[in-house]
Amino acid sequence: MVTLAAADARAHGAPVAAEQEDLPAEGSFSLRDVSVAYGRDRVIEGVSMDIPPHAVTALIGPSGCGKSTLLRCLNRMNDELGNVRVGGHITLDGQDITGKAIDPVDLRMRVGQVFQRPNPFPMTIFDNVVYGPRTQGIRGRDELQALVEESLRSAALWEEVKKSLKKHAFELSGGQQQRLCIARALATKPEVILMDEPASALDPISTQQIEDTIASLKDDVTIVIVTHNMQQAARISDRTAFMLRESLEEPAHLIEVGETRKMFTNPDDARTESYITGRFG
Amino acid sequence: MMTPSRRRKARIAETTARMLLGSMALIVVGIALFVVGYIVYRGAGALDWQFLTDVPRNRGREGGIFPVVIGTVWVVGGTAAFALPVGILAGVYLSEYAPKGFATRAVRLAITNMAGVPSIVYGLFGLAAFVLLAGIGRSILAAALTLACMTLPVVITATEEALRQIPQDLRQASLALGATKFRMIRTVVLPAAAPGIITGSILGLARAAGETAPILFTGAVFQMRRIPDSPLSQFMALPYHIYTQVTSVPEWNPDLVWGTALVLVGGVSLVSVAAATWRAFQRRKIAW
């Protein structure tokens with residue numbers, strides 16, 4: 001599978017990193033020359049980067065720089081917007097995930113997503129968490145029960161809701177709802193969880209809880225998080241990628257990607273430094 | 001800075017506008033109350049157990065309206081059986097699947113036009129298509145199919161409208177968990193939209209219950225001794241009963257006709273109120 005995908009990528013003339021073929025199935029992405037266009041509007045171009053497994057990678061940059069768009073390439077949610085073209089090559093654990101190479105439905109069971117605003121389903125807490133497993137065909141009551149407890153524990157929500165799993169999800173607070181959404185994403189046992197500004201609609205205490213949850217999750221899953229909040233990126237991420245769209249006529253580019261500590265103390269690019277020190281954006 | 005005289009003029013204009021708009025609103029309320037109040041006033045006297053359970057006697061001047069009520073229940077039930085599945089499924093397709101293009105616009109235009117066709121034309125169409133061409137004959141089935149055609153645009157529009165109210169967030173959440181589009185619709189979107197779809201559809205069916213023209217040529221009869229016992233039998237119906245009493249029965253009994261009108265309006269209101277109550281209950285449970 002890996003070699004096939006790599007050979008396919010080579011046949012398309014894309015550079016394939018040599019180490020890619022040795023990566024185990026654990027949630028590492030490799031992006032090569034990725035571009036995205038909405039109709040005629042080219043929003044991202046020439047993004048090449050690796051996203052290592054079991055680490056937190058933060059995507060930062062000013063509004064409209066294509067962070068969320070790039071994130072949606074990783075679970076093919078751009079497909080749902082219509083009129084979106086994605087170019088270049090993206091592999092997950094060496095397997096091509098672009099175009100017809102993979103069914104987005106299969107991909108999304110491996111790559112979960114948590115959205116900007118908490119979006120629990122209008123159902124009980126229990127039914128929310130088992131939505132993904134049920135989609136995968138898991139029906140056994142005991143198995144589902146175990147998944148619910150495990151997922152809610154990982155999302156640091158179990159102690160608060162263990163006595164009220166039959167309660168409607170909308171009765172939870174905003175922060176609890178977002179942790180429920182994290183638990184719901186974890187219940188499908190994904191390799192990766194994408195987070196699109198998961199704390200931007202929450203108060204500081206809930207934000208803190210989400211950040212703690214993220215820190216505890218990275219042993220099990222790869223996390224890619226889009227954030228506007230640079231302190232947040234500095235606090236929780238291992239690697240940071242800075243994107244910038246320098247004018248509306250031009251697509252956004254990846255300016256710099258590297259270890260978070262280095263990015264925030266000694267960035268290579270002057271634009272990264274200006275953004276991080278708050279000179280624009 | 002406004003001069004005192006300008007300020008006075010502005011105040012007068014404001015007061016006039018408020019009174020004019022308010023009085024128009026009052027007129028609407030007044031008309032509604034008057035119509036309902038008058039029907040109740042004229043019809044309440046005839047309402048008793050015998051009226052609801054007896055058959056019409058002496059060409060409808062005496063007796064009750066039991067077969068008439070049953071006929072209307074049959075034909076509205078038949079209408080629902082055709083219009084709801086077709087209308088709801090078509091609405092789901094248009095809202096969730098249809099590509100944005102010429103064909104979809106043409107379908108929407110056709111639906112709008114369907115809603116604008118006069119009911120008597122539906123009656124004529126029903127006679128030609130269902131009674132004669134399809135060979136069903138004048139029957140509950142033919143009348144229900146005709147009313148279903150007339151009700152379809154209401155159901156489709158109600159479905160599309162209800163689906164539009166469902167936040168995009170929820171759809172994305174479902175898809176991002178690896179659900180197929182159909183699973184997303186079946187498990188998240190439709191359950192959440194159900195209250196809106198059902199109340200909208202009931203309004204359409206309520207209108208169908210009160211229509212005379214579409215059933216005129218397709219199966220309704222003036223008088224029948226027995227209760228309709230199959231979809232292929234002819235039937236009596238409340239609106240048609242009122243129509244024939246007033247136009248074809250010399251010395252018709254106004255008490256019984258108003259009573260019939262009250263049963264029709266009351267029955268339709270009862271169903272609408274039940275649907276609205278159910279919807280309010282659902283809303284309290286599920287608030288975005």
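Simple rule: put +1 on each Lys or Arg Cβ and -1 on each Asp or Glu Cβ in chain B, find the dipole, and look at B:Gln223, B:Val154, B:Ser139; the Cα lying farthest toward the positive end is B:Val154.
For the segment A:117-123, counting C-beta atoms of other chains within 10 Å of every residue's C-beta and taking the mean gives 6.
In the full protein context, segment B:49-285 carries 47 Å² of accessible surface per residue, based on a 1.4 Å probe and ignoring ligands, DNA and RNA. Legend: translational diffusion of chain B by Stokes-Einstein, Rh = Kirkwood radius over C-alpha pairs, 20 °C, 1.002 mPa s; D = 98 µm²/s.
Using the Kyte-Doolittle scale, which helices in chain B average at least -1.0 and also have C-alpha atoms spread 18 Å or more along the helix axis, with helices defined as whole DSSP H runs? Helices passing the filter in chain B: B:4-43, B:66-92, B:102-116, B:140-164, B:190-210, B:254-285. Length gained on full extension, A:Ser274 to A:Gln136: 45.1 nm, using 0.36 nm per residue less the C-alpha separation. Just the protein heavy atoms count here, and of the accessible area of segment A:2-276 at 1.4 Å, carbon and sulfur take up 48 percent. Our analysis of segment A:142-281 gives Rg over Rh at 1.05, with the two radii drawn from alpha carbon positions and Rh computed by the Kirkwood formula.
Loop sites by DSSP among the trypsin sites (Lys or Arg not before Pro) of chain A, restricted to those with at most 10 other Cβ atoms within 10 angstrom, leave A:167-278 as the longest stretch without any of them. At q = 0.23, 0.30, 0.34 Å⁻¹, what log₁₀ I(q)/I(0) does segment A:118-163 have when each alpha carbon counts as one equal point scatterer in the Debye sum? For segment A:118-163 at q = 0.23, 0.30, 0.34 Å⁻¹, log10 I(q)/I(0) is -0.83, -1.23, -1.31. Taking every alpha-carbon pair under 8 Å whose residues sit at least 6 apart, segment B:1-115 reaches a relative contact order of 9 percent.
Taking the charge dipole of the protein assembly as shown about its Cα centre, with +1 at Lys and Arg Cβ atoms and -1 at Asp and Glu Cβ atoms, the residue from B:Ala206, A:Ala234, A:Val221 reaching farthest to the positive side is B:Ala206.
Calculated FRET efficiency, B:Arg226 to B:Ile120, Cβ-Cβ distance, R0 = 41 Å: about 0.90 to the nearest 0.05. Spherically averaged projected area of the convex hull of Cα atoms, chain A: 15.1 nm². Rounded to the nearest 20 debye, the dipole magnitude of segment B:4-46 is 480 debye, with +1 charges on Lys and Arg beta carbons, -1 on Asp and Glu beta carbons, and the Cα centre as origin.
Surface composition of segment B:4-46: carbon and sulfur atoms hold 74% of the protein heavy-atom accessible area at a 1.4 Å probe.
Where nothing but the Cβ of Lys and Arg (+1) and of Asp and Glu (-1) is charged, how large is the charge dipole of segment B:46-196 around its Cα centre, in debye to the nearest 20? Computed about the Cα centre, the dipole is about 400 debye. If you restrict to DSSP beta bridges whose two residues both lie in the protein assembly as shown, what percentage is antiparallel, to the nearest 5? Roughly 60 percent of the beta bridges in the protein assembly as shown run antiparallel, per DSSP. In a DSSP loop and with at most 14 other Cβ atoms within 10 Å, the trypsin sites (Lys or Arg not before Pro) in segment B:84-179 are B:Lys100.
For the residue pairs A:Lys218/A:Lys262; A:Lys189/A:Lys262; A:Lys67/B:Lys100; A:Lys189/B:Lys181, the C-alpha atoms sit more than 23 angstrom apart in A:Lys189/A:Lys262; A:Lys67/B:Lys100. Dipole size of segment A:2-276 about its Cα centre, with +1 on Lys/Arg Cβ and -1 on Asp/Glu Cβ: approximately 860 debye, rounded to the nearest 20. Between the C-alpha center of segment B:241-283 and that of segment A:262-276 there is a gap of 76 Å.
Compactness of the protein assembly as shown is given as radius of gyration and Dmax, 32.1, 101 Å, from Cα positions. Association of chains A and B removes close to 1800 square angstrom of accessible area from solvent, both sides included, for a probe radius of 1.4 Å.
Over segment B:4-46, the hull volume per residue, using the convex hull of the C-alpha atoms, is 37 Å³. When the helices of chain B are scored as -39500 (n - 2.57) per DSSP H run of n ≥ 4 and the total is divided over every residue, the value at 222 nm lands at -23500 deg cm²/dmol.
Among the residues of segment A:97-116, those with an accessible-area drop of 30 Å² or more from chain alone to full protein complex, heavy atoms and 1.4 Å probe, are A:Val105, A:Arg108, A:Phe115.
Toward the positive end of the charge dipole of segment B:24-156, with +1 on the Cβ of Lys and Arg and -1 on the Cβ of Asp and Glu, the farthest Cα among B:Val29, B:Ala103, B:Phe66 is that of B:Ala103.
The values are calculated or read from the model by the stated rules, or taken from the named source; none is laboratory data. Because the structure is predicted, anything quoted here is derived from the model rather than measured. Methodologically, a virtual Cβ is constructed for each residue, glycine included, from the backbone with ideal geometry; neighbour enumeration extends over all protein chains shown. Areas reflect the complete protein model, heavy atoms only, side chains present, ligands, DNA and RNA absent. Shrake-Rupley method; radii C 1.70, N 1.55, O 1.52, S 1.80 Å.
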